[in-house]
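See below for the structure under consideration.
Values in this text are rule-based calculations from the coordinates and carry no lab data. Computed from a predicted structure; not experimentally measured. Because the Cβ atoms are built from the backbone with ideal geometry, glycine has one as well, and the counts that use them run over all protein chains shown.
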Amino acid sequence: MERADKDLAFMLQYENVAWYDAGEVRILDRRVYPARKAFVVCKHHTEVMQAIRDMVTQSAGPYTAAPMGMALAAWECKGLSAEKQLAYLKKAANTIADARPTTKTRMIQVTDACIPVAQKALVEGRPVDIAIREHVVEANNARYNKIARTAEYLVDMFPQNGTVMTQCFAETIVGMMLKVCKQRGNNIKLFCPETRPYFQGARLTATVCSEMGFDTTVITDNMPAFVMANEHVDVVTCAADAISCDGYVFNKVGTSQIAICAKHFGIPLFVSGAPDIGHPTYDTVTIEMRDPDFSLQAMGVRTAIEGTGIKGYYPAFDMTPPHLISGIVTERGIFSPYDLNRYPSAGGSGEFVC
């Protein structure tokens, strides 16, 4: 089977997201990429969980790192009885899924899916760690191909040679939408807000867009309204860390203010991602609050004076209400945020159920 990461940028290749081999998981350290191509090496599944929690990998990266961590957990317990191996793996699945609260519902789907793979491998007498790694590659192929179908619908919303503003790093959908644009000869221009405090937009999105051959401009987080007003932005697009079934989108903090600006200027906002069945309403989603001191620096350089009692504040995500969203783009088409309960009946199973 041809791998679905073919022709995508460096950091979207499976091995460059996270990869298990012989008792360790290597995860591309997105905290320093692209300045350095460094990998964090995890030798225990709890280290994979901690790497996810510490933002070594972000956006959809954890959904590759987590099941690779399950392969590592299988290596750790390979000398135990089949019954004890499965018990160990179930505990590891819960540990890894608990890395970050906002994405826990999706992460459980990914880690739990490794359990039946392990059961089958044990019955067949195959190495469980290798079986899980093979499962991750197959699941990634299915997910990437599903997102490729999503990208077709998304690019339908882009005018020919238009201008698109992104938000944060939407991972696979960025690569796939650019791949579709290339296939259609649509030479879009991109504006990428930097998305502090980790600068994923500046470092990750902009790198992928430029590497794939598109006109790319980085702007600071306080420039979107000016750019919308003066640079003829046609579409704003982002992904989501969670989408509740009542139409609320949870994404990198700053998404809601960009949505407000887009609404003011009459620019459509399309969010790629599937509604989360586990979140029937917005109040079931937990907004992750991270270390507030991280807002007082920029890439390791202190920006606020020390010793004066100045405080930081750092919500990782915010909530964008449905009235600001033009459509939720899925592999089954584009849905109104007010009509997401129709997604399952249209054959949708979610991004991480393959």
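What the table below lists for this structure:
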{"item": "12 Å beta-carbon shell around ALA4, net charge (K/R +1, D/E -1)", "result": "+2"}
{"item": "Reachable aspartates and glutamates, given that their alpha-carbon falls under 15 Å from the alpha-carbon of LYS189 and they are not under 8 places away in the same chain", "result": "GLU211, ASP215, GLU231, ASP234"}
{"item": "Pairs of Lys in region 1-155 closer than 24 Å at Cα, counting only those 8 or more apart or on different chains", "result": "16"}
{"item": "Computed [θ] at 222 nm, deg cm²/dmol, the chain (DSSP H ≥ 4; -39,500 (n - 2.57); rounded to nearest 500)", "result": "-11500 deg cm²/dmol"}
{"item": "Neighbourhood net charge (15 Å Cβ-Cβ; Lys/Arg +1, Asp/Glu -1) for ASP98", "result": "+2"}
{"item": "Cβ-based net charge around ILE52, under 15 Å, with every Lys or Arg adding one and every Asp or Glu removing one", "result": "+1"}
{"item": "For VAL249, residues with placed amide H under 5 Å, excluding near neighbours", "result": "THR320"}
{"item": "Antiparallel %, DSSP beta bridges [both residues in the chain], to 5", "result": "55 percent"}
